[in-house]
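Since the structure comes first, as structure tokens, the remarks are kept for the end.
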Amino acid sequence: QVQLVESGGGLVQAGGSLRLSCAASGRTANNYNMGWFRQAPGKEREFVAAINLSGGSTYYSDSVKGRFTISRDNANHTQYLQMNSLKPEDTGVYFCAATRRYGSLWSWEYNYWGQGTQVTVSS
């Protein structure tokens, strides 16, 4: 069993930056590839970024590539999402998730989820 807790969301102006954190607990937390998803009001949950077990491989959706950076600190069981050059369309609830299947774009392939953290980007 893995528990995930996100933090770091908030309100920011367009062009600004935020860093989200996801703290994992459970003795197998480092055995999972990790990802970030987001969900805007009235829309489906969408894939944002993924990182493999070691942190040596990452993958991004086209909408955030070049602006967001995913990373992980296995010693502290934490993953991060650095978000730069934020746009109003980045607004939504951001979720971290754990999967055995690195790089999966599909939410149903993620085994564990955090509760989400709200990101609001004003224009």
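Averaging the Cα positions of each part gives two centres, and for segment 68-123 and segment 38-52 these lie 8 Å apart. With Cα atoms as the point set, the radius of gyration and Dmax of segment 66-123 evaluate to 12.9, 38 Å.
The string of couplings for segment 39-44 from the Karplus curve (6.51, -1.76, 1.60, θ = phi - 60°) is 9, 8, x, x, 10, 6 Hz, one whole number per residue in order, with x for Gly and Pro. Karplus-based coupling profile of segment 97-108, in residue order and whole Hz: 8, 10, 9, 7, 10, 4, x, 5, 8, 9, 4, 6, with θ = phi - 60° in 6.51 cos²θ - 1.76 cosθ + 1.60 and x standing for Gly or Pro.
What the Kirkwood sum gives for the chain is a hydrodynamic radius of 14.1 Å, with every pair of different alpha carbons counted.
With the simple model of a label 7 Å out from the Cα in the direction of the Cβ, Thr120 to Asp62 spans 3.1 nm.
I need to check one value: relative contact order of the chain, counting alpha carbon pairs closer than 8 Å and at least 6 residues apart, in percent. Reported relative contact order: 36 percent. Please build a GNM for the chain, connecting alpha carbons under 10 Å apart, and tell me which residue among Thr99, Thr28, Thr78 fluctuates the most. Largest GNM mean-square fluctuation: Thr28.
Every number here is computed from the coordinates shown, using simple stated rules; none is lab data. Treat the numbers as computed from the prediction; the structure is a model and nothing was measured. Here Cβ is always computed from backbone atoms with ideal geometry, including for glycine, and neighbour counts include all displayed protein chains.
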